[in-house]
1. Could you grab me the full set of residues in region 105-148 that are loosely packed, with under 13 Cβ neighbours inside 10 Å and not hydrophobic (A, V, I, L, M, F, W, C)?
2. Is there a residue being modelled with pLDDT of 80 or more, over 19 Å from Thr83 (Cα atoms), surrounded by fewer than 18 Cβ atoms within 10 Å (Cβ to Cβ) and of a type outside the set (A, V, I, L, M) anywhere in region 200-211?
3. Within region 180-198, is even one residue among the charged types (D, E, K, R) and touching a helix residue (DSSP H, G or I) at 6+ places or on another chain (Cβ under 9 Å)?
4. For region 125-211, which helices (runs of 4 or more DSSP H) that fit wholly inside it have 1 or more residues that are under 30 Å from Asp107 (Cβ atoms) and out of contact with any strand residue (DSSP E or B) (no Cβ under 9 Å at 6 or more places or on another chain)?
5. Return the pairs, sorted by first residue and then second, in which the second residue is aromatic (Phe, Trp, Tyr), the first residue lies in region 79-103 and is over 17 Å from Val141 (Cα atoms), the beta carbons are less than 6 Å apart, and the residues are 6+ apart or on different chains.
6. Taking the criterion of being charged (D, E, K, R), within 16 Å of the chain's Cα centre (by Cα) and surrounded by fewer than 17 Cβ atoms within 10 Å (Cβ to Cβ), would at least one residue in region 155-174 satisfy it?
7. Pairs please, first residue from region 118-140 and on the phi > 0 side of the Ramachandran plot, second anywhere and loosely packed, with under 14 Cβ neighbours inside 10 Å and in a helix (DSSP H, G or I), Cβ atoms under 9 Å, 6+ apart in sequence or on different chains.
8. Quick check, is Leu123 within 30 Å of Ala202 (Cα to Cα) and modelled with pLDDT of 80 or more?
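The values are calculated or read from the model by the stated rules, or taken from the named source; none is laboratory data. Owing to the predicted nature of the structure, the values given are computational and were not obtained by experimental measurement. Cβ sites come from the backbone with ideal geometry, for glycine too, and all protein chains shown count toward neighbours.
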Amino acid sequence: MSLRRHRFAWLLSLLPEKHGCSSVCKASCSMAMLNSMIQRQKHHQAQAQKPTISSLSPLASLLPPGVSILQGLQLFFQVIQDTFTTNLVASAAVTWIGYDICLTFADEVELIWKARWTLPKFLYIAVRYYGFAAALFYFVVNTSTDAPFQLCRGWAYYEAFGATAVIVLLSEALFLLRIWIAYGRNQKILAFVLVCYVAEIASSLAVGIVEGRTLTVLPRPPGFPLPGCFTFAMVPLKHTLPACLRL
C-alpha cells in the first residue's frame, strides 16, 4: 500500500510537465494513470496464472500413449461424472440396506438372534452387518476430500480383500448351504458347488492382487475437485475381462 502511495505521489509531481494537466485536473489525471497501471498489472498476473502446455506436462505424462491433453481433459470430465454417479449409487445402497435392517430388525431378533448359534446363523449375521459396514465405509471414504494418504495406500487391497473377497466368501458360503439343502443334502451336488466356490474365491484373490499391484496411489493435489483417493492405474484388457466375469 505504501508503494502505491509513493507511485501516486510521483505521478502527481510529473503530470503538469509531461501531460499538460492543469492544477484542477491534476488529481483526476494521475488517478486515471494509476488505475491503468493497476489494471495492466492485474492482467499480467492473470496471464501468468493461466495453465500452459509446459505447466500441464506433469499431468500429460500420466496420460496413456497417444492421448492428447484435450482428450485427457475430456476423460477427466468423464471421470467427474462417473465418480458422481458411483457415489450416488453407493449412497442409495447404504440407505437401502440401513432401511431394510430397520424394517426387519424386530423379526430378526425373534427369529435369528434368539436362535442357537449355528453356521447359517453366523453367516447370515456376518453377511448382513459386515456388508452394511463395508458399504458405509466405502461411501465415507469415496465422498471424503481429505482422506489420509496412508489409508489410500491400502485402499485397493482393502476393496479387493477386506471388502469384496470377504463378502463373497461369506455370502457364497451361505448360498452354497442353501443349494445343498435344497437338493436334499446330495453329496455330489455339494462337491460340485464346492469346486465352483473354491474357483470363485481363487479368482477373486487373483484379480485383487493384480489390481493392487497395478494401482498407483498419489498424494492429493491441492484443490483437486474429486473426492476419495487420488489413484492412477493402467489395467490391461486381459486383466479387466476376468474381473468382469468374476462380478
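1. Residues satisfying the conditions are Asp107, Glu110, Lys114, Arg116, Thr118, Tyr129, Thr145, Asp146, Pro148.
2. yes
3. Restricting attention to region 180-198, the residues satisfying the condition of being among the charged types (D, E, K, R) are 185, 188.
With touching a helix residue (DSSP H, G or I) at 6+ places or on another chain (Cβ under 9 Å) added as a condition, the list becomes none.
Scanning region 180-198 turns up no residue that is among the charged types (D, E, K, R) and touching a helix residue (DSSP H, G or I) at 6+ places or on another chain (Cβ under 9 Å).
4. Details: elements: 131-142, 149-153, 166-182.
Fully inside region 125-211 and qualifying: 131-142, 166-182.
5. Once the first residue is over 17 Å from Val141 (Cα atoms) and sits in region 79-103, its partners that are aromatic (Phe, Trp, Tyr) give Ile97/Phe132.
6. Kept after step one, since they are charged (D, E, K, R), are these residues of region 155-174: 159, 172.
Imposing the further condition that a residue be within 16 Å of the chain's Cα centre (by Cα) reduces the set to 159.
Subset that is surrounded by fewer than 17 Cβ atoms within 10 Å (Cβ to Cβ): none.
Scanning region 155-174 turns up no residue that is charged (D, E, K, R), within 16 Å of the chain's Cα centre (by Cα) and surrounded by fewer than 17 Cβ atoms within 10 Å (Cβ to Cβ).
7. No pair meets every condition.
8. Numbers: within 30 Å of Ala202 (Cα to Cα): yes; modelled with pLDDT of 80 or more: yes.
Judged against the criteria, Leu123 is a match.
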